[in-house]
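FYI, it's all coordinate maths here, none of it is from the lab. Please read these numbers as outputs of a predicted model, since none were measured by experiment. Please note: Cβ atoms are built from the backbone with ideal geometry, for glycine as well, and neighbour counts cover all protein chains shown.
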Amino acid sequence: MAFAYHDDRLFVEDVPLADIAARFGTPCYVYSRATLERNWRAYDDAFGSRRHRVCYAVKANGNLALLNILARLGSGFDIVSRGELARCLAAGADPQHIVFSGVGKGAAEIRYALEVGIGCLNVESGAELARIESLAADCGRRAPVSLRVNPDVDPQTHPYISTGLHENKFGIPMAAAAQLYEQAARSPHLAVRGIACHIGSQLTSLVPFVDAIGRVMELVHALAGRGIRLQRIDVGGGLGITYRDEAPPAIAEYVRAVSDAVGRDYELVTEPGRSIVANAGLLLTTVEYLKATPVKNFAIVDAAMTELIRPALYQAWHDVLPVERTDSAEVRRYELVGPVCETGDFLANGRDLALAEGSRLALMDAGAYGFAMASNYNARPRPPEVLVDGKFVHLVRAREVLEDLWAGECTLPA
């Protein structure tokens, strides 16, 4: 385990978290290189000798150091913006191993992707397909495309992270896909690579994955009957993790299920994000004040929804562990809240903790959609990010300073 107690002190790999807090201050994100690598290899190893590509979903956490580690392992990347594409290239990624997803790709984004030699553009509408075709003609290139279809499968997850139902904005309806494939196959400016599907995030059952792939493969076989033979099946990502009491399947189980559903005649692409990086990271915070009211005990900490918005946005649970365990304080039930001027600014509700002012805490499993969704609301500088590699500690993003808050702004002339 990368995060474990030794003599009542919580460590990340070989380093006490108290030392990191003292050196870099709090709030602060901390990542374990060993955990990140182990999680990615669990996918790659499970596929074995079959043709596959593990494309890490950059939206989960796009820190350059993390992307560089994954690129060294041979990872591909799933991106949803020009900025994420630029990040991957800066981190040393092979553009041929990058998949560009997302419903609203702008013309400049598509052009940039074509210029750098993107591996595949996952197309989400007929209008987008027409735009890609036009831009590819202008650039004198043949755009590699897969159509992302919407299989109308309930992923049984939070509605905000459900993407595979017919009422969601994502993907092309199955009934419309065949005609668009025929259109794409006729174009001299498009190269049809495969088909893509992604139904949501934090899925804890294999049933929705298998159901969705089954519907996709029906379309794949129907297309083959029309002379359109696809090379790759992109099954998206979405495998959940255990934050509290969820029981998601193991990565190897997931890989076996999707591989069996697709068969061995195609290259299989998967786009995991959360299940690679979530439990590789945590958020360190310090108790500023303890505030007792007639109905609740509040622990007001220096982290807030600006650092970790998942509890406020998704009612998400993150385990809260003391950085240093002690019996000098009485255990009480606390509401862990931040300094932001919102009642919704909470990090954890109803937690039994022994706290004092100055106590340091770790919010666990915060590596995914933690810093990636951080903001400067209430003019709060974003926190640093630290990567631990065994006994070595690397600052991989400096804490923002006050001047960063207004960089690019200006006042009016006198």
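Okay, here's what the table says:
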item: Residues in the range 330-369 reached by a label modelled at TYR289 [backbone nitrogen below 16 Å; 7 Å Cα→Cβ]; result: 335-343, 345-346, 356-359
item: Tilt relative to the chain, helix 207-225 - C-alpha long axis, 0 to 90 degrees, to 10; result: 20
item: GNM result for the chain, Cα springs below 10 Å: residue of ARG244, ARG148, ARG33 fluctuating most strongly; result: ARG244
item: Residue among ILE213, ILE98, ILE228 with the largest mean-square fluctuation in a Gaussian network model of the chain, springs linking Cα atoms under 10 Å; result: ILE228
item: Residue-averaged [θ]222 nm for the chain, counting only DSSP H segments that reach four residues, each worth -39500 (n - 2.57); result: -8500 deg cm²/dmol
item: Computed lengthening from GLN96 to LEU313, 0.36 nm per intervening residue step minus Cα-Cα distance; result: 74.6 nm
item: Cα-Cα P(r), the chain, percent of pairs per 10 Å interval; result: 5, 21, 29, 23, 14, 6, 1, 0
item: Distance (nanometres) between label positions extended 7 Å along Cα→Cβ at ASP327 and ALA22; result: 2.4
item: Placed amide H near PHE3: partners under 5 Å, 5+ positions off or other chain; result: GLU13
item: Alpha carbon centroid spacing (whole Å) that separates the range 1-34 from the range 366-401; result: 14
